[in-house]
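The values are calculated or read from the model by the stated rules, or taken from the named source; none is laboratory data. It should be emphasised that the depicted structure is a prediction, and the values quoted were computed from it without experimental measurement. Backbone-built Cβ (ideal geometry, glycine too); neighbour counts: all protein chains shown. Note: accessible area is taken over every heavy atom of the protein model, side chains too, but ligands, DNA and RNA are not part of it. Shrake-Rupley method; radii C 1.70, N 1.55, O 1.52, S 1.80 Å.
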Amino acid sequence: MARKGKIGPVIAIDGETEFKRSIKSINDNLGVLTSELKKVDAEFGKNETSIEGARSKIEIYRKQLEQLSQKEKLQSQALQDAQKRYSEAGDKVSELKNKLASAEKEMDELKNSSDATTAEIKEQAAIIKDLEKDLKNAERQYASAEKSTKDWQKALNNTQADIATSRRDMEQLATSTIKTKEAFEAAEKRLET
């Protein structure tokens, strides 16, 4: 069972479906921010000397980083939960394999025993059949948990890459803006003299 946690001031998480729902909401917010960046580009063009345009972009990047940080926390928690389910599923598979091996050994003993009745052998065969069915289901759950763990890890890696890219873009824009501002100030001083 997934544990319940709280992310940020208001986002409560319970289970993978809730993680996905919360991440979809964040992705929708990121889509809006991306469209805002396009709008700023359209308004100011690719004019890197526009201080106002740069400020608008930096503010959008800041908002993107906030959303991406929330997304990273959610994905990290989802990954931990998936890893826990994967470990538990692996333990269940091992447990069932041991039970099945024990049941099969008992069946061999019953077949080789002169005291065993047909009813006992049929009963043991039914136990083995149930264990095989349970093991098959546990192996499917294990494979599903493995896939989920890998999917969450990939998603987290991608989000962390997006965070690094957004930070780099914001820093480059800030540096460019500072240089532009300094160049304007130097030009103003030259004009004053």
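Once a ≥ b ≥ c are taken as the square roots of the eigenvalues of the Cα gyration tensor of the chain, is the result rounded (a/c under 1.5), prolate (a/b larger than b/c) or oblate (a/b not larger than b/c)?
In terms of gyration-tensor shape, prolate.
Place +1 on the Cβ of every Lys and Arg and -1 on the Cβ of every Asp and Glu in the chain, take the dipole about the Cα centre, and give the residue among Ala89, Leu191, Ser176 whose Cα lies farthest towards its positive end.
Farthest along the dipole direction, towards plus: Leu191.
Leaving out ligands, DNA and RNA, what percent of the accessible area of the chain is carbon and sulfur, probe 1.4 Å?
About 51 percent, which is the carbon plus sulfur part of the accessible surface.
Cross-link candidates for Lys57: which lysines have Cα within less than 26 Å, leaving aside residues fewer than 8 places away along the same chain?
Lys24, Lys38, Lys39, Lys46, Lys71, Lys73, Lys179, Lys181
With the Cα gyration tensor of region 85-125 giving a ≥ b ≥ c as the square roots of its eigenvalues, does the rule (a/c under 1.5 for rounded; else a/b larger than b/c for prolate; else oblate) give rounded, prolate or oblate?
prolate
Based on Cβ point charges of +1 for Lys and Arg and -1 for Asp and Glu, what charge dipole magnitude is obtained for the chain about its Cα centre, in debye rounded to the nearest 20?
That gives the chain a dipole magnitude of about 560 debye.
What percent of all Cα-Cα pairs in region 126-193 falls in each 5 Å bin, counting up from 0?
3, 14, 8, 10, 7, 7, 8, 6, 7, 5, 5, 4, 4, 3, 3, 2, 2, 1, 1, 0, 0
Got a sec? What order do Arg62, Arg85, Arg190 fall in by accessible area at 1.4 Å, biggest, i.e. largest, first?
These residues rank, largest area first, as Arg190, Arg62, Arg85.
Given R₀ = 25 Å, what would the calculated FRET efficiency be for Thr180 paired with Ser35, taking r from the Cβ atoms and rounding to 0.05?
After rounding to 0.05, the efficiency reads 0.50.
Tell me whether region 34-121 comes out rounded, prolate or oblate; compute the Cα gyration tensor, take square roots of the eigenvalues as a ≥ b ≥ c, and use a/c under 1.5 as the rounded threshold.
prolate
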